[in-house]
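Take a look at the structure set out below.
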Amino acid sequence: MKFAVSLGMERFSPETSMTAVMDNLLQLAKIADAGGFEAIWTPEHHTIECTISPNPFQILTWLSQHTSRIRLGTATLAAAYWNPIRLAGEAALCDHLTNGRLEFGIARGAYQYEFDRMAPGVQQQEGVGYMKELVPAVQKLWAGDYAHEGQYWNFPRATSVPKPLQKGGPRIWVAARDPGTFDWALGIGANILSTPLSLPAAEIGVLASKFNKAVADHPEVKRPKFMMQRRTCVYDKVDDWHLAVEHSMNYGRYFENLMQNIGTVKNGFPEAVPFESVKGRDNYNPENIRKNLMFGTPDEVIEKLLDYEAAGVDQYCLGLSFNLPFELQKKTLRLFTDEVMPFFAQRERETQQLAAAGY
């Protein structure tokens, strides 16, 4: 199992400067690159200060100038906000600017607040239709001349300029949780990125079952990569969990506002929904959060990660962007690099040695 990290720029107060959040992101990216992480993922979001990423291709191009080997991915683009020709060209150019390190992750989109401004009249749940039309069109534009007549877009013959640097284009990753999306993604040769959200560990197996069924239903396709992401915080002492849980709970209240469109957003800063409105729910129970999310000492985190490895996850992604204090984000990456990743690297070496010996 390999490891990646999801990074973004966050501001929760006007007093925090863009210079500071950019510097924080760059520091974390450099740590991840030097530490042997497989990929950095960054999202697409608009008009929201707590997740600043109006064009992830720009961010990834910038990070590529300060890193040497780490893969650079979009996790995720929001399909309904794009035109196929524009997306194909921007992604292909980013692939060149990053020297062929681009990973292309896409989703239906998340926040209804954002849909109302970027794709007026479109409900968040409808975004999957846009994604299913958009991705094949992008693939065909990368391949050569292509004319499109669809439900959401129509254009005469055109092609992507430039073409991607990577042969066939960057690897495509589709965000999936429902069986239909798993099946569709594998059918077009895409990889899967998913999240158990804040649900118990059993959800890892549920998602793995959906993935495995889709793999079995598409024997014509080589098994794709399977990535999962959770909010992650690694600390020295068992009793240090309170801070991570507190920040996760508070961040979730901003998420509720944007996802359900039930609060206000002033000058880009969303209002957290009142704690009373979420109190009592399982995903706001401190003990559940501590247990379900990737919070713990290195030994505790290793124990949790074994569930992902057993489920066939190829890449576990550390979600660090939930207003966790910057020093704790850095500490998480360093503890993960120094004390967690070596454990799994040794397991991989042992597996390879057994395979070479014929076991």
Practice prompt. For a quick protection proxy, order the peptides 128-138, 275-285, 260-270, 62-72 by their average other-Cβ count within 10 Å, most packed first.
Written response: 128-138, 62-72, 260-270, 275-285
Worksheet entry | Amide N of region 18-54 lying under 20 Å from the label point, which is placed 7 angstrom from the Cα of Arg69 along Cα→Cβ | 27-41
Discussion item. Largest first, please: the extent of the C-alpha atoms of region 44-155 along each principal axis, to the nearest Å.
Written reply: 41, 39, 15
Worksheet item: When the chain is modelled as a GNM with alpha-carbon springs shorter than 10 Å, which of Pro200, Pro156, Pro43 fluctuates the most?
Response: Pro156
Worksheet entry | Separation of alpha-carbon centers, region 268-308 and region 1-76, rounded to whole Å | 22
Worksheet item: Quick one: Karplus J couplings for region 316-325, per residue in order, coefficients 6.51, -1.76, 1.60, θ = phi - 60°, nearest Hz, x for Gly and Pro?
Response: 9, 10, 6, x, 9, 8, 9, 6, 5, x
Item to complete: Would you mind checking which residues have amide H under 5 Å from Lys2's amide H? H placed 1.01 Å from N; only 5 or more apart, or other chain.
Response: Gln315, Tyr316
Discussion item. Going 7 Å from the Cα of Arg86 along its beta-carbon direction, which residues of region 47-78 have the amide nitrogen within less than 19 Å of the resulting point?
Written reply: 47-48, 52-61, 74-78
Worksheet entry | Stokes-Einstein D in µm²/s, Kirkwood radius over Cα pairs - region 1-48 at 37 °C with 0.692 mPa s viscosity | 275
Item to complete: Pairs of Cα atoms under 8 Å, at least six residues apart: use those to get the relative contact order of the chain, whole percent.
Response: 18
Discussion item. On a 21 Å Cα-Cα criterion, which of the cross-link pairs Lys140/Lys163; Lys30/Lys163; Lys237/Lys291; Lys140/Lys167; Lys30/Lys331 come out too long?
Written reply: Lys30/Lys163
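Just add up the charged neighbours of Ile31: K/R +1, D/E -1, any other residue whose Cβ is under 9 Å from the Cβ of Ile31.
Within the 9 Å Cβ shell, the charges total +2.
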Worksheet item: What size of dipole, in debye to the nearest 20, comes out for the chain about its Cα centre when the only charges are +1 on Lys and Arg C-beta atoms and -1 on Asp and Glu C-beta atoms?
Response: 820
Worksheet item: Could you state the per residue volume, in Å³, of the convex hull enclosing the Cα atoms of the chain?
Response: 145
Practice prompt. Take peptides 15-23, 89-97 and line them up by average Cβ neighbours within 10 Å, highest first, as a rough protection proxy.
Written response: 89-97, 15-23
Item to complete: Find the all-direction average of the projected area of the Cα convex hull for region 129-226, expressing the result in square nanometres with one decimal place.
Response: 7.4
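No value in this document is a laboratory result; all are computed from the given coordinates. Quick caveat: nothing in here was measured; it's all calculated off a predicted structure. Because the Cβ atoms are built from the backbone with ideal geometry, glycine has one as well, and the counts that use them run over all protein chains shown.
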